[in-house]
């Protein structure tokens, strides 16, 4: 049996850019056995979708089907130690390919489950839409039980061709004793569109990068993120919207609800490359603290290298408004019911970013279930 590859040196807390807010000094990677995930099942899925009928030429299979020149074309081992770890040794993953002009009417559902305690899962996903293709892919990462102590390490590459349209929904409902690390990057071609949704419900701690590069003129990206934490959970999202071509648009909105002594960090950056004139970019992060010991940081950033652009951002961290609670209680509602209504209203702004239909309903249900757990303590 071949020996396991050497483990990478991990970034030090506050010693490396991008890791200023997440302390991983207690993580001992050598203590975790590398295994592949189970491809279905799970204690509590974030959603349940049926299997679609796939048109001819569409591929949903293992990474063995992926062209070598595309796998790793957006994210390489040099990006960070966890990508290098994902590239080495045991790894599982999925390749989704939609040919030119093909439209898939039903969502493709992918599920990976970490089944055993004390394990490290390296999961990789490559999604490629050729020019003019349309597809919707829902991917969720789960733990086999609520007490599982593990490390889940994901690398995701999304390649959206010219005039193609991809909706990618990615959610993690890992055990709140697990770690999660992620490097996710999208490339969007001329007049292509990406609708990206991220749900961060589980894990004890970790760090996830979400990077979108608008490569072609007229490309559009919309990124929506939601998290709801409790206990001592720590969520860390690092997002980038890079505009590399003119007449591109991006719209990012993250919202979080924090209970107990949990904490969250959102660090976002809009980059406008030289020559990317007529860029229109927006980003916001809003956090609602529902306990006095919860903590959130929202850090927007701009790097503008073109002179004819519109780039704006907004960030807010607040407690539940006592005047709203007072108003609802004056209408006869109990305090706990009033508080829940205020929180649901706060999160509903994310759900309303989607048109009425199946997607909106599934997301609303997933948020409602998670909020129920958070409010229960």
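Residue 222 meets all of the listed conditions (1) in contact (Cβ under 8 Å) with a residue 60 or more places away in the chain; (2) crowded, with 23+ Cβ neighbours inside 10 Å but one, namely (2). The numbered conditions (1) under 25 Å from residue 219 (Cβ atoms); (2) touching a residue at least 12 places away in the same chain (Cβ under 8 Å); (3) surrounded by 12 or more Cβ atoms within 10 Å (Cβ to Cβ) are all true for residue 298 except (1). Taken over the range 322-377, the criterion of being more than 24 Å from residue 173 (Cα to Cα) and in a loop (DSSP other than H, G, I, E, B) is satisfied by 330, 331, 332, 333, 334, 355, 356.
What residue, of 226, 281, 296, is within 20 Å of the chain's Cα centre (by Cα) and more than 28 Å from residue 343 (Cβ to Cβ)? Give the steps one after another, and end with the answer.
Values: 226 fails: more than 28 Å from residue 343 (Cβ to Cβ); 296 fails: more than 28 Å from residue 343 (Cβ to Cβ).
The conditions single out 281.
Output the number of residues of the range 288-315 satisfying the condition of being assigned to a strand (DSSP E or B) and out of contact with any helix residue (DSSP H, G or I) (no Cβ under 9 Å at 6 or more places or on another chain). Full working, then the answer.
Start the filter on the range 288-315 by keeping residues that are assigned to a strand (DSSP E or B), which leaves 288-289, 295-304, 310-315.
Filter again for out of contact with any helix residue (DSSP H, G or I) (no Cβ under 9 Å at 6 or more places or on another chain), leaving 289, 295-304, 310-315.
Counting residues in the range 288-315 that are assigned to a strand (DSSP E or B) and out of contact with any helix residue (DSSP H, G or I) (no Cβ under 9 Å at 6 or more places or on another chain) gives 17.
Taken as a whole, the condition of being surrounded by fewer than 24 Cβ atoms within 10 Å (Cβ to Cβ), in contact (Cβ under 8 Å) with a residue 12 or more places away in the chain and under 18 Å from the mean Cα position of the chain (by Cα) applies to residue 175. The criterion of at least 1 residues that are more than 24 Å from residue 28 (Cα to Cα) and touching a helix residue (DSSP H, G or I) at 6+ places or on another chain (Cβ under 9 Å) is met, among strands (runs of 3 or more DSSP E) falling completely within the range 47-154, by 59-61, 92-98, 119-129, 134-143.
Scan the range 229-244 and tell me whether some residue there is more than 16 Å from residue 282 (Cβ to Cβ), in contact with a helix residue (DSSP H, G or I) (Cβ under 9 Å, 6 or more places away or on another chain) and in contact (Cβ under 8 Å) with a residue 12 or more places away in the chain. Can you show your working first?
Step one: list which residues in the range 229-244 are more than 16 Å from residue 282 (Cβ to Cβ), which gives 229-238, 244.
Subset that is in contact with a helix residue (DSSP H, G or I) (Cβ under 9 Å, 6 or more places away or on another chain): 229-230.
Retained after the next criterion (residues that are in contact (Cβ under 8 Å) with a residue 12 or more places away in the chain): 229-230.
So far as the range 229-244 goes, yes, one or more of its residues are more than 16 Å from residue 282 (Cβ to Cβ), in contact with a helix residue (DSSP H, G or I) (Cβ under 9 Å, 6 or more places away or on another chain) and in contact (Cβ under 8 Å) with a residue 12 or more places away in the chain.
Considering the range 244-287, and only residues there that are in contact with a strand residue (DSSP E or B) (Cβ under 8 Å, 6 or more places away or on another chain) and over 29 Å from residue 367 (Cβ atoms), the residue that is surrounded by the most Cβ atoms within 10 Å (Cβ to Cβ) turns out to be 248. All conditions but one from (1) assigned to a strand (DSSP E or B); (2) more than 17 Å from residue 222 (Cα to Cα); (3) more than 20 Å from the chain's Cα centre (by Cα); (4) modelled with pLDDT of 95 or more apply to residue 318; the one that does not is (4).
Sort out which residues of the range 9-32 are farther than 16 Å from residue 235 by Cα, surrounded by 13 or more Cβ atoms within 10 Å (Cβ to Cβ) and modelled with pLDDT of 90 or more, and write them in order of number. Matches in the range 9-32: 29, 32.
The values are calculated or read from the model by the stated rules, or taken from the named source; none is laboratory data. Note that this is a predicted model, so its numbers are computed, not measured. Quick reminder, even Gly has a Cβ in these numbers, built from the backbone with ideal geometry, and neighbours come from all protein chains shown.
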